[in-house]
1. Could you list all residues from the range 390-407 that are among the hydroxyl-bearing types (Ser, Thr, Tyr) and part of a loop (DSSP other than H, G, I, E, B)?
2. Please go through the range 371-387 and pick out each residue that is within 14 Å of Tyr427 (Cα to Cα) and surrounded by fewer than 18 Cβ atoms within 10 Å (Cβ to Cβ).
3. Conditions: (1) over 26 Å from the mean Cα position of the chain (by Cα); (2) more than 26 Å from Arg190 (Cα to Cα); (3) surrounded by fewer than 20 Cβ atoms within 10 Å (Cβ to Cβ). Pro16 meets all but one. Number of the miss?
4. So for the range 175-194 (the condition being over 29 Å from Asn290 (Cβ atoms) and either among the β-branched types (Val, Ile, Thr) or outside the structural domain of Phe67 (by TED's automatic domain parsing) (or both)), does at least one residue qualify?
5. Looking at the range 262-274, I want the residues that are within 10 Å of Val311 (Cβ to Cβ) and have a partner that is among the hydroxyl-bearing types (Ser, Thr, Tyr) and buried (at least 22 other Cβ atoms within 10 Å of the Cβ) with Cβ atoms under 8 Å, at least 6 apart or on another chain. Which pairs are those?
6. For the range 320-333, what are the residues that are surrounded by 21 or more Cβ atoms within 10 Å (Cβ to Cβ) and not in a loop (DSSP other than H, G, I, E, B)?
7. Out of all the residues in the range 206-220, which are surrounded by fewer than 22 Cβ atoms within 10 Å (Cβ to Cβ) and either outside any helix (DSSP H, G or I) or of a type in the set (Val, Ile, Thr) (or both)?
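The values are calculated or read from the model by the stated rules, or taken from the named source; none is laboratory data. The structure displayed is predicted, hence computed values, not measured ones. A quick note on method: Cβ atoms are made from the backbone with ideal geometry, for glycine too, and the neighbour counts reach across all protein chains shown.
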Amino acid sequence: MGVDLPYYYPINDFGPVMKGMVIGGLGIVHVFLAQFAIGGGAIMCYFQWLAHTGRCAAAQQFLDSYFKFLVLISFVLGALTGVGMWFAAIQISPRTIGLMVHEFHWVWAIEWTFFALEVVAGYMFYRYGGLLLNRRRMQLLLIYTAAAWFSLFWINGILSWQLTPGAWTADGKVWSGFFNTSFWPSLFYRSVTSLTIASLAACVVINTMTGLDVERKRQLINRAAHLLAPMVLMPALGVWYLQAIPADSRSWLLGGSPAMTMFVALSVGASLLIGLYAIVALVWQRLYINGATAALLCALALAATAGGEFVREGSRKPYTVRQTLYANSITREEVVRLRAVGSVTADPYPLRNAGAYLNDQLRLGARVYRFQCSVCHTVSGANGLTHLTGSWALDQKRMNIAKLQFTKPFMPPFAGTAEELEALVQYLTWENASRPSTWEASNDRTAIANIEKWLIEAGPERVGEGEVRSERESARAEARGSLESSEVSFPSMGADE
């Protein structure tokens with residue numbers, strides 16, 4: 001049996017910008033626009049019914065204006081950001097995307113089928129809606145709305161699986177993972193959010209319509225506000241979601257992580273402001289709001305979406321797929337083996353500008369940083385390791401990284417040899433010293449022995465020392481035999497890379 005080693009990918013570097021910020025920024029905009037498109041179908045069906053039954057004289061005019069807005073904003077920008085997310089994801093976390101596609105390829109196919117139907121129905125309405133009778137218009141809009149919501153249904157199962165995979169971790173069955181504990185609260189919450197965003201966008205569109213007096217606009221806004229009423233369900237849905245996620249993830253959100261708690265507060269606060277204004281001013285008092293106020297409410301909705309998406313991503317830490325794949329794309333089973341054979345021993349990709357590093361130890365440290373740390377951290381930019389570890393003494397760096405899952409409980413355990421950890425410490429210290437032109441390699445055997453001891457004490461997943469020793473010894477023996485018999489040669493870490 002061969003050694004369980006991770007898959008290596010040529011991960012892109014974004015300089016001082018944290019990789020998570022790139023995909024997070026794209027994701028927030030894409031989710032906001034996608035939810036606008038989903039809720040937009042419901043509001044268009046409602047206004048088509050108003051027009052068909054004669055309950056609102058300007059409903060047809062609004063419908064035509066709104067759909068053009070939806071097509072130009074959501075269809076175009078939504079599609080671009082969607083493609084951008086895939087492009088960024090495969091540069092940042094290809095193993096996570098690969099696992100998701102491997103486990104749910106048929107679910108993805110179903111979701112894409114509904115998405116294709118949504119786009120086709122939308123563009124048919126855009127092109128031929130004005131030529132159709134009211135009944136046919138409604139049928140086409142219902143097809144669009146159903147396709148959009150079922151697209152959400154299928155993608156929600158995959159996204160919620162990342163945090164709460166449920167019985168999938170034991171039986172590996174698709175439906176065990178898909179219908180997980182957070183599936184339903186997440187689906188209903190996103191559905192209400194979609195209606196909210198679409199209604200607020202409607203208020204913006206109404207204010208851009210020419211040929212309507214203020215009273216007509218107020219009537220349209222009051223009608224659009226009817227779809228804001230489901231916001232009263234959001235507190236209950238939020239509590240339901242919190243109860244469905246793991247206890248440690250819930251603790252991050254409720255005070256365990258200041259950053260995540262702050263974003264929870266941002267999302268809740270923005271949603272509360274929108275909800276209070278919507279219920280009191282628009283639903284109850286039936287007031288008119290101008291374009292500036294409507295745009296401000298949309299901005300608050302975007303802020304609430306940003307907070308919610310940050311929380312959804314952050315609450316999975318230290319995993320990208322709970323109990324399966326760590327944030328740095330190393331599986332739980334691989335940690336012990338990589339501590340025996342080295343995390344970058346089989347990494348075939350050379351360093352960029354390897355000659356800038358003064359010795360092999362610094363080059364090794366840079367490779368360890370790239371493989372284990374760079375997906376969530378930069379060296380000295382956003383979430384930079386030199387800033388986070390700059391106040392730590394040398395031995396403190398060694399011990400804190402060796403016991404990383406205890407030092408920072410939302411971090412994955414260090415998955416490499418003691419020599420690799422020492423190389424990483426020396427690399428960070430060199431970077432923190434502004435890359436001096438001379439730097440001696442560390443040959444402190446006492447430090448290596450201490451790191452070995454701390455790694456054993458920490459364990460790969462807080463298991464006993466004897467179990468770790470036994471697993472390390474068997475992994476090392478197996479790895480030695482496998483690597484000796486292999487014909488694959490790995491590149492050296494010299495300056496000629």
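1. To start, the set of residues in the range 390-407 that are among the hydroxyl-bearing types (Ser, Thr, Tyr) comprises 391, 407.
Within the range 390-407, just Ser391 meets the criteria.
2. Ser380, His387
3. For Pro16, the exception is condition (1).
4. yes
5. Pairs that qualify, where the first residue is within 10 Å of Val311 (Cβ to Cβ) and the partner is among the hydroxyl-bearing types (Ser, Thr, Tyr) and buried (at least 22 other Cβ atoms within 10 Å of the Cβ), are Ser267/Thr305.
6. Hits for the range 320-333 are Thr320, Val321, Leu325, Tyr326.
7. Within the range 206-220, the first condition is being surrounded by fewer than 22 Cβ atoms within 10 Å (Cβ to Cβ), and the residues that meet it are 207-219.
Correct list: Thr208, Met209, Thr210, Gly211, Leu212, Asp213, Val214.
Each row is one residue, and each column tells you yes or no for (1) farther than 30 Å from Thr261 by Cβ; (2) touching a residue at least 24 places away in the same chain (Cβ under 8 Å); (3) not in a helix (DSSP H, G or I).
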| position | (1), (2), (3) |
| --- | --- |
| Pro409 | no, yes, yes |
| Gly416 | yes, yes, yes |
| Leu428 | no, yes, no |
| Ser437 | yes, yes, yes |
| Ser442 | yes, yes, yes |
